Amino acid sequence: MRKLPFKLPEGLKKKAKEFWYGKPDGERRLGELYEDKTGLYKHREWRGFADTNYAFWVWLRAVGVAGKLAASGPLPVARALMRYRWMSTYLTGIAWIDRGNEGLRGEALRASMEHFYAMFYDSVRQLITQFQADSHLRFGVRNRAWYKTLDHDETIPGHLFYGFPEMKDDILAQLTTCFLNPHVCRPTITHYIDAVESIGLPADPCPLCASEAGLCVLDDYPDFSPVFLTTNQACDGSVGTSIIQDMYWNKPLYAMPQPMRFDDPDVQKFCIDEIKGAWKFIEDETGMKFDLETFKKKMAGYNQLTRFEREKWDVAANTPYNPVSGTAQALYRIFYSEVGERKIWHRTDAKVKKLMDRCIEKQIRPFPMTRHRALVWSCAPLYYSYFPTWLYNCWGIQVVMNMDSLMSDRVVRLDNEDDMMDDLAHLFEWGPMRRMAVGGQQHIFEIWENYEKFHCDLVIMFDQVACKGMDGIHGVFEDEFRRRNIPAIWVPHELMDHRTVERAEMRRAVNDYMTTVMQEEPIDPSLVEFDDSMGW
Amino acid sequence: MEKKTGAAGKVFEVLWWTLQTAVAVYAVLFAIFYFDLDSKIIYRRILPKLNAHYDNMRHRDITKNPYAQNVGPAARNPWPDPLGRHEP
């Protein structure tokens, strides 16, 4: 590079460098970007010229997707915004993309933001599908789309319904209406929890099940399907929710109970019968016919997603070159494995593969501030799903893998029907939360082999205070951590309800451990203590 | 400077106008993005109004629904139970 004929003042040189590359690692002071209490940004992060413009480009694309939602049917969408409280959550969706990708640069920023964008894109697709068929937005009129759309529980994976070519779409009832709420805008969901408690539910059950039932109490589910399929996944709490939903929907309902102890070979036939029963129920009730070839074709696409997922795990486990952040990994995995085969996942995976290959080829470390490789175990806090981003920026704790991502890991064999059904049953039984958190002690203890496999040196152990199953095994875990000499940080939370354990309290648990036990200094001191108690 | 005329001049004019517009649009959108104005407006103006609206909404009391399959507004239900279970 040619030298300038004059000398630039030192301050100006630094400013010019920051303009082009952004602040260097360890000097970012991200906490100073937040407004007090609300957590809104005074201004968004300057990540250097190229990266800031990349983030701006994703913002523009997200605004475009929101515009697509509005254009899909301005009247029903406006009516939905006035009819359903949860719909207001999506106004804050773009801020959710920012929070999840704070502090990231280069390949890490691109790969992680692509994951977030894909989830945002598919959420909007689900909203459009629901509103196009929703009789609540059409004064009770059930249109053609209403008869051709399937409504099922969010813990019944979408891939079970690939075999109905006449079906307009299948929608996971609680994904956009309930599950995503605390991720994106946490105060919304508390109204639903309070609603179900107002009719007598005690305050200590799982807040996910409680809020799903609360939507019924406030009559806030869209009505877009002639039938409803429900299940006991992930745990017994869902059974209680199903009863309320059955009462609320007052329409033909098929329940798909799944065995808690799925290792027993005898229960496989039961699970297969349940899946076949669900297909027959749909045929009988809606008149749509199941087609095996259509099913296999789509399932082959889904298998491709699973194979790439394993490739990502392999890179994460054995190299420092995985460009996907802990937050993006966890959310994207649970999101697409439940929604099922869609083009957007393939497009995203293709982009991420390119970025990952580039990191490996050029030996780029996308997370250069990594001090610890952490495994996250147990149910994650939905109202602080970007907690791994904070862990990395504040303490250099890079979340390499999390428990939820390791579920639903089965490539379905499609060469003969018996194997296919067997794999499908396993895939269903290994769904989110069920495989490990509710699958028995030997499965929740898969933590030890994954701790080794992903070459971790720290465990972030989420302590979901309202999860009876995980509460029951808390002491056994503590004994095992001590016996195996594994450093573990217990981080309390209440899944959906931020009022029980605030985000600041979760951060404090980590801060205390890192300063006292590990005796380390934070990478970004501005992130150690800050008040975001009134934030989204 | 002599003003260019003819087809080339027109093309240049259109390109110049397009560039100016693109820069202006970029500047406005980038300002909204960088200063997080979208979130600030939603947080301070839109959500408080929407929440006040939701708080004043009337809701159907679902506890009044009888707990049985296919009971209730039967006339509107085109899907009777094929096995005839729980008929009212």
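If you take each beta carbon of peptide A:275-285 and count the beta carbons of other chains within 10 angstrom, what is the mean? If you can, show how the numbers build up before the last one.
Numbers: counts 0, 0, 0, 0, 0, 0, 1, 0, 0, 4, 5.
If you average over the peptide's residues, the count of other-chain Cβ atoms is 1.
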Distance from a point 7 Å along Cα→Cβ of A:Asn143 to each backbone N in the stretch A:51-76: keep the residues under 19 Å and list them by number.
A:67-76
Cα-only Rg/Rh for the stretch A:1-119 with Kirkwood Rh rounds to 1.11
In nm, to one decimal, how far is the modelled label at A:Ser72 from the one at A:Arg482, with both set 7 Å along Cα→Cβ?
5.3
Per the Kirkwood formula on distinct C-alpha pairs, the Rh of the stretch A:30-527 is how many angstrom?
23.2
For chain A, the longest principal axis of the Cα atoms and the Cα long axis of helix A:106-133 enclose an angle in degrees, to the nearest 10, of 30
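Would you mind giving the mean number of other chain beta-carbons within 10 Å of the Cβ of each residue in A:49-58, as a whole number? Please list the in-between numbers first.
Details: counts 0, 0, 0, 3, 3, 0, 2, 6, 1, 1.
Partner-chain Cβ atoms within 10 Å, mean over residues of A:49-58: 2.
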First check a/c for the stretch A:87-130, with a ≥ b ≥ c the square roots of the eigenvalues of its C-alpha gyration tensor; if it is under 1.5, answer rounded, and if not, answer prolate when a/b is larger than b/c or oblate otherwise.
oblate
Rank-order A:229-241, A:22-34 by packing density, defined as the average count of other C-beta atoms within 10 Å over each peptide's residues, highest first.
A:229-241, A:22-34
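Exposure proxy check: B:Phe12, A:Phe462 ranked by fewest other beta carbons within 10 Å? Mind dumping the intermediate values first?
Numbers: B:Phe12 11, A:Phe462 24.
If I rank by nearby Cβ atoms, fewest first, I get B:Phe12, A:Phe462.
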Over the alpha-carbon set of the stretch A:143-257, work out the extent along each principal axis and list the three values in angstrom, largest first.
43, 29, 23
Hey, can you grab everything whose amide H is under 5 Å from the amide H of A:Leu229? Only 5+ residues off in sequence or another chain; H modelled, so Pro and N-termini drop out.
A:Asp151, A:His152, A:Asp153, A:Tyr254
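Rank the residues A:Val65, B:Val23 as a footprinting-exposure proxy: fewest other Cβ atoms within 10 Å of their Cβ go first.
B:Val23, A:Val65
Evaluate the relative contact order of chain A (contact order divided by residue number), counting alpha-carbon pairs under 8 angstrom at least 6 apart; express in whole percent. Walk me through the numbers on the way to the answer.
On the way: 868 pairs, mean separation 98.1, N = 536.
Normalised by residue count, the contact order of chain A is 18 percent.
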I want to check the label-to-label distance for B:Arg60 and A:Ala50. Put each point 7 Å from Cα in the C-beta direction and report it in nm to one decimal.
5.6
Among A:Lys14/A:Lys37; A:Lys298/A:Lys453; A:Lys276/A:Lys296; A:Lys312/A:Lys343; A:Lys297/A:Lys354, the pairs whose Cα-Cα distance exceeds 23 Å are A:Lys14/A:Lys37; A:Lys298/A:Lys453; A:Lys297/A:Lys354
Cα long-axis angle, helix A:503-512 against chain A (0 to 90 degrees, to the nearest 10):
50
Partner shielding of A:342-352, taken as the mean number of other chain Cβ atoms within 10 Å, equals 0
If one takes the longest principal axis of the Cα atoms in chain A, at what angle in degrees, from 0 to 90 and to the nearest 10, does the Cα axis of helix A:49-71 lie?
20
Would you kindly calculate the translational diffusion coefficient of the stretch B:1-56, applying Stokes-Einstein with the Kirkwood radius from alpha carbon pairs, for 25 °C and a viscosity of 0.890 mPa s, and quote it in µm² s⁻¹ without decimals?
165
Which value, in Å³ per residue, describes the convex hull spanned by the Cα atoms of the stretch A:258-322?
138
Which of the peptides A:398-404, A:371-377 is most tightly packed, and how do the rest follow, going by the mean number of other Cβ atoms within 10 Å of each residue?
A:398-404, A:371-377
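Readers should treat all values here as calculations from the given coordinates under stated rules, not as data from a laboratory. Predicted model only: the values in this text are computed from it and were never measured. All Cβ positions, glycine included, derive from the backbone under ideal geometry; neighbour counts span all protein chains shown.
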